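Notes follow once the structure below has been shown.
The values are calculated or read from the model by the stated rules, or taken from the named source; none is laboratory data. Only a predicted model underlies this, so the values are computations on that prediction, with no experimental measurement involved. Cβ: placed from backbone, ideal geometry, glycine included. Neighbour counts: every protein chain shown.
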Amino acid sequence: MDNPLISIIIPTFNRVLLIRETLDSILVQGYANWECIIVDDGSTDDTMALVEEYLKKNSQFKYYLRPENRPKGANACRNYGFERSKGEFIMFVDSDDICEPFCLAERMALMTKDWSIDLLIRDTSLLIDGKKQLFSINKDPKNINIENYLRMFLRYEIPWHTMGSCYKRYILENCRFDENLKRFQDVSFNIKVLSRLNQLKISRDYNIDSYYRVDEDKVLKGNFIANMLDSLLVLYEIHVDFFKNKNYASDLRKFSCKIILEYVMPYFYQNKKESNKIFVWSIKSTLYTLKQKRELLLLMFFLNFKLFKIKGIGMNAFRNKFKRIVNE
C-alpha cells in the first residue's frame, strides 16, 4: 500500500480562539490520504460552530462529542477518537498545536519505506507568541533504544511530545491512554507502550515538523498544579510494578524529586492539601530510603509551619541538600 490512511486525533475543549490555526495546518497537508477526528470534551464556547466550517470545507474532518459515559478529559477524547478512526497509522495533535505542511507526507514516506517501523519520532519545536522557533525540544539518550527511552519517561525527562510521534495502529489496540489522569497523560501512555511492547521498532528522524504552543502562565491558572499533584499519585498506582525494580525505582525517585522541587515547594501555600498528600505518600512509600524520608519529613515540617520565612533559614539550601541526597 503506497498511500495508507493516517488518522489525526484532536481532543478539544473551549479552544475556539486557537483551534482554527491547528485545523488550517491539517487542511494544507501535502499528503492526501488522511482523516482528522476532532473530539469535543464538552466545549461551552463557539468551538462547534467553528469546526462545522471545516466539516463543510473537507469531508476528511470528523467531529464527535465525548460520550457522556466517558470521563471528562483529553485522554477519554483521544481513546474515543481512536475507536472511531480507520487509519493504519495514528497521530495525536492537541487543539493548539501546529503541523508543517510537509508533516504527513514525510512521516508516511519514512514509515512506508520500512514497514517494520512501529513508532516514528520526529522533532518538535515551540510556538511562542505565534512565532515558530528553530530548535528542537526533543531529548534522546546516548544510546537510542526502547529501554533508555523508557527510563527517560520514568525520570520525567520527556524525550518527545505526543505530537512528535506516529504510531502503527496495533500499538493502540494494546495500549490506551489512562482516562483518570488529568496530567502526565503522554508520560503514562508512552511508559505503557515502551514497557509492554518488547519488540517495538523505533525510527528516529531529526527534522522539525510540528510545534507545541507555549503557555508560560499555565501553572498559575486554575487548578493546574493541584491537578498535577493529584495525578502524580494516580500515575504511581498505574505503574506500581516499576517500584519493585531497583533501577526503575531510582528513575521514579528522580521524577518525584523533580516534582517536589519544581511544583510542591514553590507553590506549597497555594496547593497545601495536595502538596501534603505528596509528602505523606512519599514518606510511606518504598521509593525513598530512610535518610531521604527524614529529609522529606523535615521539608514538610518547615513548609507547614512556615519556618522558611524566618530570617537565616534558606529554602534553597534545603532544596539543594534534598536533591543531592536523592541522587546519592
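Could you tell me which residue of the range 129-153 is nearest to Leu18 (Cα to Cα), considering only residues that are in contact with a Lys or Arg (Cβ under 8 Å, 6 or more places away or on another chain) and hydrophobic (A, V, I, L, M, F, W, C)?
Met152
Within the range 154-192, track down each residue that is among the charged types (D, E, K, R) and within 24 Å of Cys99 (Cα to Cα).
Correct list: Glu157, Lys168, Arg169, Arg176, Arg183, Asp186.
Out of Lys311, Lys258, report the one residue that is surrounded by fewer than 13 Cβ atoms within 10 Å (Cβ to Cβ) and either farther than 28 Å from Tyr149 by Cα or within 26 Å of the chain's Cα centre (by Cα) (or both).
Criteria check complete, one pass: Lys311.
Go through the range 102-134 and give me each residue that's of a type outside the set (A, V, I, L, M) and more than 19 Å from Asn33 (Cβ to Cβ).
Listed by number, the residues that qualify are Ser116, Asp118, Asp123, Thr124, Ser125, Asp129, Gly130, Lys131, Lys132, Gln133.
Tell me which residues, restricted to the range 281-296, are surrounded by 14 or more Cβ atoms within 10 Å (Cβ to Cβ) and in contact (Cβ under 8 Å) with a residue 12 or more places away in the chain.
Trp281, Ser282, Ile283, Ser285, Leu287, Tyr288, Gln292, Glu295, Leu296
Cβ-Cβ distance below 9 Å, separation of 6 or more or different chains: which pairs start in the range 87-108 with a residue that is under 21 Å from Asp186 (Cα atoms) and surrounded by 23 or more Cβ atoms within 10 Å (Cβ to Cβ) and end on one that is among the acidic types (Asp, Glu) and at pLDDT below 95?
Taking only residues 6 or more apart or on different chains, the pairs are Phe92/Asp186.
Checking the structure you have, find out if any residue of the range 110-128 is surrounded by 21 or more Cβ atoms within 10 Å (Cβ to Cβ), in contact (Cβ under 8 Å) with a residue 40 or more places away in the chain and in a helix (DSSP H, G or I).
Taking every residue of the range 110-128 in turn, at least one turns out to be surrounded by 21 or more Cβ atoms within 10 Å (Cβ to Cβ), in contact (Cβ under 8 Å) with a residue 40 or more places away in the chain and in a helix (DSSP H, G or I).
I'm checking my understanding of the structure. Among residues of the range 38-65 that are within 14 Å of Val16 (Cβ to Cβ) and among the hydroxyl-bearing types (Ser, Thr, Tyr), which one is surrounded by the fewest Cβ atoms within 10 Å (Cβ to Cβ)?
Thr44
Find the residue count for the range 17-30, including only residues that are of a type in the set (Val, Ile, Thr) and either under 16 Å from Cys77 (Cβ atoms) or modelled with pLDDT under 95 (or both).
Count: 2.
So which helices (runs of 4 or more DSSP H) are wholly in the range 144-259 and hold at least 3 residues that are touching a Cys at 6+ places or on another chain (Cβ under 8 Å)? Please lay out each step first, then the result.
Working: elements: 146-154, 169-174, 185-196, 224-238, 246-259.
Where helices (runs of 4 or more DSSP H) fall fully within the range 144-259 and carry at least 3 residues being touching a Cys at 6+ places or on another chain (Cβ under 8 Å), they are 185-196.
Consider only pairs whose beta carbons are under 6 Å apart and that are at least six residues apart or on different chains; among these, list those whose first residue lies in the range 308-320 and is outside the structural domain of Phe268 (by TED's automatic domain parsing) and whose second residue is surrounded by 12 or more Cβ atoms within 10 Å (Cβ to Cβ) and among the small types (Gly, Ala, Ser).
As it stands, the answer is none, since no pair meets every condition given.
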